[in-house]
């Protein structure tokens, strides 16, 4: 194995992309033993592999099972490298509340968005599926979150997104959070109509959207 920094970064990325969830921890330990920067290992190795997997998912070459194994590999590598991050370089991560709105129990899309946002370094509080508006509001209060991410795959549940935004406004919390929405029946026009801050069509786009909104 090429134990140069560049070689091990490529190997970390490859292990995630090719679903080698058992091998990746050994590569991460090798990377760490050489004294290389753990931040680069995470971003240029593990996250790079997850981004490449997401591209294959968008191109319909990878599907849900492959993405889940890729994410497992990424997390196995993170377990090795995260404890090595220097304390002074750790910033308070942006906290995101994520959930499928009331009336919908489909959560595959939500889970992919969660994986990609976590891989990008955000802290996710997952409320699950069929989540009523008051639960989103209480989570924002309890967690002091900066972003609320909502999804639905059912047109019959779309209006619950509006209810969540109205509930945040009534609670005096709307100004402290950015609200993003997504899902098959959702469009940019609908997002604008209900007063959301942004719309994403895919998990990778969600990461870019959050980065634009919160910096």
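Scanning region 105-128 for residues that are farther than 26 Å from residue 56 by Cβ and at pLDDT 95 or above turns up 125, 127, 128. Given the conditions (1) assigned to a loop (DSSP other than H, G, I, E, B); (2) surrounded by fewer than 19 Cβ atoms within 10 Å (Cβ to Cβ); (3) touching a helix residue (DSSP H, G or I) at 6+ places or on another chain (Cβ under 9 Å), and given that residue 35 satisfies all but one, which numbered condition is not satisfied? Result: residue 35 passes all but (3). Checking each residue in region 1-25 for being outside any helix (DSSP H, G or I) and in contact with a helix residue (DSSP H, G or I) (Cβ under 9 Å, 6 or more places away or on another chain) picks out 1, 2, 3, 18, 19, 20, 21, 22, 23. Cβ-Cβ contacts under 8 Å between residues 6 or more apart (or on different chains), taken from a first residue in region 191-209 that is assigned by TED's automatic domain parsing to the domain that holds residue 51 to a second residue that is modelled with pLDDT under 95 and not in a helix (DSSP H, G or I), are absent.
Just one of the numbered conditions (1) in contact with a strand residue (DSSP E or B) (Cβ under 6 Å, 6 or more places away or on another chain); (2) more than 24 Å from residue 150 (Cα to Cα) is not true of residue 107: (2). Kindly indicate whether any position in region 165-174 is over 26 Å from residue 93 (Cα atoms) and at pLDDT 95 or above. For region 165-174, residues over 26 Å from residue 93 (Cα atoms) and at pLDDT 95 or above: present. Go through region 158-193 and give me each residue that's in a loop (DSSP other than H, G, I, E, B), under 21 Å from the mean Cα position of the chain (by Cα) and farther than 14 Å from residue 148 by Cα. Correct list: 183, 184, 185, 186, 187. When the test is whether a residue is crowded, with 21+ Cβ neighbours inside 10 Å and within 30 Å of residue 82 (Cα to Cα), residue 117 passes it. Remark: pairs (first residue in region 141-170, more than 16 Å from residue 97 (Cβ to Cβ); second residue assigned to a helix (DSSP H, G or I) and at pLDDT 95 or above; Cβ separation under 7 Å; 6+ apart in sequence or on different chains) = 158/190; 162/194.
When 28, 73 are checked against the criterion of being over 30 Å from residue 184 (Cα atoms), at pLDDT 90 or above and in a helix (DSSP H, G or I), 28 stands alone in meeting it. When we screen 46, 56, 68 for residues that are in a helix (DSSP H, G or I), in contact with a helix residue (DSSP H, G or I) (Cβ under 9 Å, 6 or more places away or on another chain) and surrounded by 20 or more Cβ atoms within 10 Å (Cβ to Cβ), the only hit is 46.
Going by the conditions given, is residue 96 within 27 Å of residue 197 (Cα to Cα), buried (at least 19 other Cβ atoms within 10 Å of the Cβ) and either out of contact with any helix residue (DSSP H, G or I) (no Cβ under 8 Å at 6 or more places or on another chain) or at pLDDT below 90 (or both)?
Taking the combined requirement at face value, the residue does not satisfy it.
Does residue 12 qualify as being within 14 Å of residue 67 (Cα to Cα) and in contact (Cβ under 8 Å) with a residue 40 or more places away in the chain? For residue 12, the condition - within 14 Å of residue 67 (Cα to Cα) and in contact (Cβ under 8 Å) with a residue 40 or more places away in the chain - is not met.
The values are calculated or read from the model by the stated rules, or taken from the named source; none is laboratory data. The structure displayed is predicted, hence computed values, not measured ones. Here Cβ is always computed from backbone atoms with ideal geometry, including for glycine, and neighbour counts include all displayed protein chains.
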